[in-house]
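Structure first, commentary second.
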Amino acid sequence: MADVLVGIYGASGFGREVLPLVREQLKGTSAEFVFVDDGDVPSSLNGYPIIRYDDFLDRDAQEKRVVFAIANSAIREKLAEKCALDNIPSLSVKADNAVILEEVSMGEGSILCHFTQLTSNIRIGKYFHANIYSYVAHDCVIGDYVTFAPAVRCNGNIVIEDHAYIGTGAVLKQGTPEKPLVIGKGAVVGMGAVVTKDVPTGVTVVGNPARVLEPRKT
Ligand code: UDP
């Protein structure tokens, strides 16, 4: 029986990037690793078994932990609620060279990939993902289930509400203490966008300077 069994939920692209981070983080312990996936997936991936959630529940282990390695925040929330009902705690993951400076608070279940940085005086909610080369600068407030693709540049005094998704290489302009730049709940910032003003709830913005992408007329 494993002392600690860690389930990497999501046997896809991001899962394959996250499992090595978890393995490195738990180096020297007797933890065992499996992928957990509900989809139509093979039985193993990169040398690790892929098991279904029910099998994960049935496995014998003194302690179980789960990491939600799925970029889609709505799925992350659904799976986190399911695991909470089954009393399986999440594991926060931090790459060995991820940098956290001072006065940073973060909720459960975060993933900080290689070359990420959280500087000083930052508040972040639960299940935050910072993909490679992303940073969050001073005095930012970030909600729950926020996702940063690679190389997101989130400058100082920015508020990002729950479930926002920030695409690869996006640049968010620094706000001020009196008037932080706000990215609304569930908003999507397209890859490479340069965001210079507030983004309303639920919209997608693209381009430089970023503008709202209107839904296509049919
Ligand atoms: N998935 C799952 N349960 C769900 C929803 C998704 O196990 O309720 C799995 C899905 O089968 C897939 C993975 O999560 O293997 C998500 O992979 P995707 O390539 O969509 O996302 P990424 O790896 O880029 O985050």
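Summary of values
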item	result
Considering residues of the stretch 15-36 that are of a type in the set (Asp, Glu) and within 17 Å of residue 96 (Cβ to Cβ) only, the residue farthest from the chain's Cα centre (by Cα)	24
Test for residue 145: is it buried (at least 17 other Cβ atoms within 10 Å of the Cβ) and over 30 Å from residue 175 (Cα atoms)	no
Every residue from the stretch 143-181 that is basic (Lys, Arg) and part of a loop (DSSP other than H, G, I, E, B)	173, 179
When residues of the stretch 5-14 are limited to those that are open to solvent by 10 Å² or more (accessible area, probe 1.4 Å) and more than 14 Å from the chain's Cα centre (by Cα), the one farthest from residue 87 (Cα to Cα)	12
Subset of the stretch 45-75 [of a type outside the set (Gly, Ala, Ser), away from the ligand (no atom under 16 Å from the Cβ) and either farther than 20 Å from residue 85 by Cβ or touching a Ser or Thr at 6+ places or on another chain (Cβ under 9 Å) (or both)]	60, 62, 65
In the stretch 77-95, the residues that are out of contact with any helix residue (DSSP H, G or I) (no Cβ under 6 Å at 6 or more places or on another chain) and more than 16 Å from the ligand (Cβ to nearest atom)	87, 89, 91, 92, 94
Number of positions in the stretch 87-103 that are within 12 Å of residue 119 (Cβ to Cβ) and open to solvent by 80 Å² or more (accessible area, probe 1.4 Å)	3
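The values are calculated or read from the model by the stated rules, or taken from the named source; none is laboratory data. Since this is a predicted model, take the numbers as computed values, not measurements. Neighbour counts are summed over all protein chains in view; Cβ atoms, including those assigned to glycine, are modelled from backbone coordinates with ideal geometry. Only protein heavy atoms, including side chains, enter the accessible area calculation; ligands, DNA and RNA are left aside. Shrake-Rupley method; radii C 1.70, N 1.55, O 1.52, S 1.80 Å.
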